[in-house]
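**Q** The structure follows.
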Amino acid sequence: MKLKSITGIVLLLTFFLAACESKIPIKELSKAREAIDLARSVKADQYSPEEFKEANDQLVKAHELLIKDEKLDDSIKNSEQSYAKAMEAYNKSAVLYAADAIKKADEAIAAADVVYAEKLSPDLYAQSRELYTSANEKFESKDYMASYALSDESYKKAVKAKEESLDGKNQLQVKIDEVHSLLSKVEQYDYEEYAAENYNIAAAKTEEAEKSFGSDTLKEGFESIETARINADEAYKKTMDGVTTGKIAEAEDVVGEAENSNGASVAEEDLAAAKEALNNAKSLKSSGSYEESITYANEAIRLGNNVIEEGSKAAVASVKNNKTDTDAAAVVDKDKSKDKVKSKGGFVSEDENYFYYKVKTWEKYEECLSRIANEYYKNAKAWKRIYNANKDRIKNPDLIRPGWIIKVPKIKK
């Protein structure tokens with residue numbers, strides 16, 4: 001209402017000027033009015049209400065003194081007082097007005113930072129921060145209006161950066177999915193033996209990232225998923241390295257056994273292929289291609305076992321063609337206890353799964369499980385295969401009795 005009154009008085013003054021030639025303090029009244037408008041522009045009614053009200057009251061009084069009482073000097077005096085109070089209100093309010101604008105921009109930048117605008121909206125985020133820095137510099141130099149303008153522009157840029165970042169939040173989901181995929185690969189193997197700690201960290205951080213995705217705290221989400229990715233990579237590397245190392249060692253044993261078996265001369269192509277597959281497995285492991293390495297190691301094992309089996313078949317065929325101890329075989333067929341067979345010892349028969357072997361004497365043949373393993377597998381260290389197949393009879397692997405019929409497992413593909 002007071003603003004309307006002042007406007008009405010100004011219009012009345014204009015009419016008054018046109019109606020008479022009396023001296024009017026136009027300069028002083030206009031100066032006071034402009035100062036009040038300037039104070040209003042920095043929200044002096046909010047930041048300096050008493051001074052702002054006084055400035056308005058003095059200007060109204062200056063008009064009244066001029067129009068009603070025709071007291072020119074008093075009107076000029078009140079106009080000057082109005083101007084002084086308006087400027088006081090302006091100076092007091094401008095610093096607070098600019099400070100609040102800086103605070104508003106700072107909060108907007110912080111909100112943009114939460115959604116990782118630095119990564120998802122880098123241009124707008126950088127511009128916002130640059131404007132914010134300039135606003136603070138202007139504030140320090142007491143150029144409050146310039147500081148406000150820069151802060152306001154910084155605020156707008158930060159808000160846009162946040163909006164743009166939220167539009168791009170699916171980038172976080174993509175990274176979450178990638179870590180899940182890697183952990184799924186690790187879970188196919190014995191990761192607890194090789195990388196339990198890394199796996200657990202990766203799983204926990206991935207869960208945190210998923211929560212951050214849901215709450216739009218994207219910066220925390222990206223930080224969590226990066227930690228998850230590093231640990232998932234390490235878990236995969238450690239697990240696959242351990243598994244691959246074990247698989248290659250197994251392949252080396254089988255291929256080595258194949259080289260020393262009868263099959264080396266009757267399955268030369270398979271043996272060569274097994275060696276090649278083993279070399280490929282080692283090379284691929286060195287380059288970090290673990291899954292391919294495992295595939296080749298398994299192929300080396302399969303081919304190596306083929307060679308060993310072919311050797312065993314050849315040995316059996318040879319024994320059958322040249323066997324002389326037919327009495328022992330006949331006894332085995334008649335006496336199912338196998339303990340009373342009267343043969344001299346050695347191979348007596350076979351079925352789908354086993355060769356049946358009669359233990360010879362230690363004194364003459366130095367009979368033991370290692371020697372039998374070397375005879376059938378060309379590898380004395382494979383005696384455990386025979387021992388495990390005969391635990392119902394053999395209680396002590398260092399003690400086997402002449403005349404026992406024991407089972408010698410056949411090697412299958």
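**Q** Small (Gly, Ala, Ser), crowded, with 21+ Cβ neighbours inside 10 Å and closer than 27 Å to SER287 by Cβ: which single residue out of ALA196, ALA228 fits that description?
**A** ALA228
**Q** Quick check, is ASP325 over 17 Å from ASN374 (Cα atoms), at pLDDT below 55, exposed (fewer than 13 other Cβ atoms within 10 Å of the Cβ) and acidic (Asp, Glu)?
**A** Against the criterion (over 17 Å from ASN374 (Cα atoms), at pLDDT below 55, exposed (fewer than 13 other Cβ atoms within 10 Å of the Cβ) and acidic (Asp, Glu)), ASP325 does not qualify.
**Q** Quick check on the stretch 361-399: of everything there that is among the hydrophobic types (A, V, I, L, M, F, W, C) and farther than 28 Å from GLU252 by Cβ, which residue is surrounded by the fewest Cβ atoms within 10 Å (Cβ to Cβ)?
**A** LEU399
**Q** Quick one: LYS169 ticks every box in (1) buried (at least 16 other Cβ atoms within 10 Å of the Cβ); (2) over 26 Å from TYR116 (Cα atoms); (3) charged (D, E, K, R) bar one, so which box is it?
**A** Exception for LYS169: condition (2).
The values are calculated or read from the model by the stated rules, or taken from the named source; none is laboratory data. Small disclaimer: the values here were computed from a predicted structure and weren't measured. Note that each Cβ is placed from the backbone with ideal geometry, even for glycine, and that neighbours are counted across all protein chains shown.
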